[in-house]
Amino acid sequence: MRLGMKTVAAARADTFAYERADLSAGIVHLGVGAFHRAHQAVYVDDILAGDPDWAIIGASLRSSSAAEALNPQNGLYTLTVSGSSDTRDRIVGSLLEVIDASEGAEALVQRMVAPVIRIVSLTITEKGYCIDPATGRLDRSHPDIAADLETPHRPRSAIGVIVEALRRRKLSGVGPFTVLCCDNLPENGRITRNVVTEMAGLQDAVLSDWIGNNATFPSTMVDRIVPATTKDDTDAVNARTGVGDAAPVVTEPFSQWVVEDRFCAGRPPWEDAGVTFVDDVRPFEEMKLRLLNGSHSTLAYLGYLGGHETVADAIGDPDLHALVHDMMTLEVIPTLDMPTGVDLFAYRDALLQRFANRSLKHRTWQIAMDGSQKLPQRLLSTIRDRLAAGLPFERLACGVAGWMRYVTGTDMTGNPIDVRDPLADELKAIGARAGNNAETLVKAYAGVGSVFGPDLVAEPVFLQAVTRALQNLENR
Ligand code: CS2
């Protein structure tokens with residue numbers, strides 16, 4: 001029995017309390033992966049009983065699998081919240097449908113032009129913004145961006161789709177929507193605004209000004225650990241609920257969303273669902289990227305190389321636990337400047353516990369993906385702050401060294417690594433050319449400007465620290 005509106009009442013799970021027929025869409029969301037469905041879609045689900053016109057139309061630009069799994073289920077899916085001791089299943093109803101834009105985005109753009117759509121939100125991963133990670137500016141040579149600049153009215157990149165929808169809204173006198181970035185980038189709203197206005201400006205300066213002056217791009221800090229769903233997860237969820245869900249999502253109890261309150265066309269009453277609204281999200285974003293994601297990436301590379309399949313396994317290794325604990329305490333926390341009332345040591349302790357949640361099978365390999373897009377904001381910006389203050393960063397250097405070893409594509413025992421990264425081929429070739437000498441390898445990788453910027457390759461202290469870390473890794 002497949003999950004859907006006809007069968008939802010039979011599911012052994014918590015369900016929504018509103019009439020689904022009363023819902024209408026107010027949000028278009030690009031990138032309906034597991035993270036969105038365990039995070040924003042739940043914050044929407046929580047307010048729909050009072051405000052039914054904020055439901056979500058999802059879209060995927062890269063693959064048809066989300067549409068194929070979710071549309072036959074009327075957009076319904078199971079959210080399984082799994083703590084160390086208990087598990088709860090809940091059917092989420094906030095997603096009305098998924099538009100498959102993998103073969104063309106015209107239908108999607110048309111939906112985005114409707115005046116009822118007041119927010120367009122995104123979880124398209126770091127690489128979806130087509131930026132040069134080191135500068136945060138639009139990478140005009142990116143194939144999708146180059147294609148969209150050729151045929152801007154038939155866009156295929158997320159940024160191109162947003163620009164085209166805003167262009168048509170301007171043309172037809174409909175005001176702009178809020179563009180709400182929910183990816184793990186520093187000042188993610190500002191980055192999104194920059195790439196959208198830059199892309200628009202390459203086509204029409206007046207459009208770019210109109211967007212810059214009228215649309216809003218609040219920055220957000222999003223947080224919930226949501227591993228890719230496995231076949232075992234799906235089987236276990238369906239066995240418990242008694243209905244067949246092709247796309248359940250398994251997550252942890254913790255969830256956090258800090259958002260700048262700048263919505264040009266209104267927003268749901270998300271404070272009622274636990275969202276924190278602030279004027280400036282930067283300190284929260286930095287805290288989360290540097291402590292959570294920086295530790296995650298460190299655990300991913302060193303854990304993977306050390307033979308640990310999941311984050312819980314890696315943090316269960318006393319050496320890695322000590323490394324990450326001390327990295328946060330001694331090297332990261334001193335770089336953070338938080339509003340009063342935020343206890344960074346309590347945050348650190350909560351993170352160590354969240355990483356240890358054994359009911360989530362969060363693969364180190366999954367987090368290791370796309371490191372070239374993640375390293376700058378997770379580890380390198382902290383290292384820059386340490387360097388500027390003349391302070392040591394030997395633990396942060398271990399994470400960077402782990403990444404360098406990982407992207408050579410061969411682990412310490414000579415086994416190949418399936419490296420997934422937009423720069424994978426380039427990185428592998430650099431590793432092969434540099435050979436086994438740690439100093440040469442570090443210098444070669446540090447020369448990749450889109451990751452390390454122009455500065456770090458010229459910092460002897462940086463090169464020495466990472467070389468030492470890599471030598472230790474190889475020798476021990
Ligand atoms: C992870 C994040 O895959 C990754 O790179 O570090 O997805 C992490 O789980 C989330 O940011 C947690 O909020």
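Counted residue by residue at 0.36 nm each, then reduced by the alpha carbon distance between them, the extension gain from Ser65 to Thr230 reaches 57.9 nm.
The convex hull defined by the C-alpha atoms of segment 1-82 has an orientation-averaged projected area of 5.7 nm². Computed over every Cα-Cα pair of segment 403-476 and binned at 5 Å starting from 0, the pair-distance distribution P(r) comes out as 3, 17, 28, 26, 18, 7, 1 percent. Angle check, please: helix 344-355 long axis (alpha carbons) against the longest principal axis of the chain (alpha carbons), in degrees 0 to 90, nearest 10. The angle comes out at about 80 degrees. Test of understanding: extend the Cα→C-beta vector of Asn214 to 7 Å, then name every residue of segment 168-185 with backbone N under 19 Å from that spot. Flagged as within label range: 168-180. You can think of it this way: the chain between Ala458 and Arg168 has 99.7 nm of extra reach, that is 0.36 nm per residue less the Cα-Cα gap. Treating each Cα of segment 279-331 as one equal point scatterer and applying the Debye formula with no solvent, the log10 of I(q)/I(0) at q = 0.27 Å⁻¹ comes out as -0.99.
In segment 169-292, the ratio of gyration radius to Kirkwood radius, Rg to Rh, stands at 1.09 when only Cα atoms are counted. For a distance above 20 Å, tell me the whole-number percent of Cα pairs in segment 301-362 that qualify. Beyond 20 Å sits 32 percent of the P(r) for segment 301-362. Against the main long axis of the alpha-carbon atoms of the chain, helix 394-407 sits at an angle near 70°. Kirkwood radius, segment 238-283, all distinct C-alpha pairs, inverse of mean reciprocal distance: 13.8 Å.
List the relative contact order of the chain as a percent without decimals, with contacts defined as Cα pairs under 8 Å and 6+ residues apart. Result for the chain is 14 percent. Annotated for the chain: lysine pairs at least 8 residues apart or interchain, Cα distance under 16 Å, count 4.
Charging the Cβ of each Asp and Glu at -1 and of each Lys and Arg at +1, and nothing else, the dipole of the chain about its Cα centre rounds to 440 debye. In the chain, the calculated helix contribution to ellipticity at 222 nm averages -11500 deg cm²/dmol per residue, counting -39,500 (n - 2.57) for every DSSP H run with n ≥ 4. Segment 3-143 gives an Rg/Rh value of 1.01, both radii derived from C-alpha positions and Rh following Kirkwood.
What the Kirkwood sum gives for the chain is a hydrodynamic radius of 23.2 Å, with every pair of different alpha carbons counted. Using R₀ = 56 Å, calculate the FRET efficiency as 1/(1 + (r/R₀)^6) where r is the Cβ-Cβ separation of Leu330 and Ala246; round to 0.05. With R0 = 56 Å, the Cβ-Cβ based efficiency is 0.75. A quarter of the convex hull surface defined by the alpha-carbon atoms of segment 323-476 gives 10.0 nm² as the mean projection. Using C-alpha pairs below 8 Å separated by at least 6 residues, the relative contact order for segment 3-128 is 34 percent.
Relative to the current alpha-carbon distance between Arg190 and Ala147, full extension at 0.36 nm per residue lengthens the span by 13.1 nm. For segment 40-113, the calculated P(r), taken from all Cα-Cα distances in 5 Å bins from zero up to the bin holding the longest distance, is 3, 15, 21, 21, 18, 12, 6, 2, 1, 0 percent.
Quick note: the coordinates plus some simple rules give every number you see, no bench work behind them. Treat the numbers as computed from the prediction; the structure is a model and nothing was measured. Positions of Cβ are backbone-derived with ideal geometry, glycine not excepted, and every protein chain shown enters the neighbour counts.
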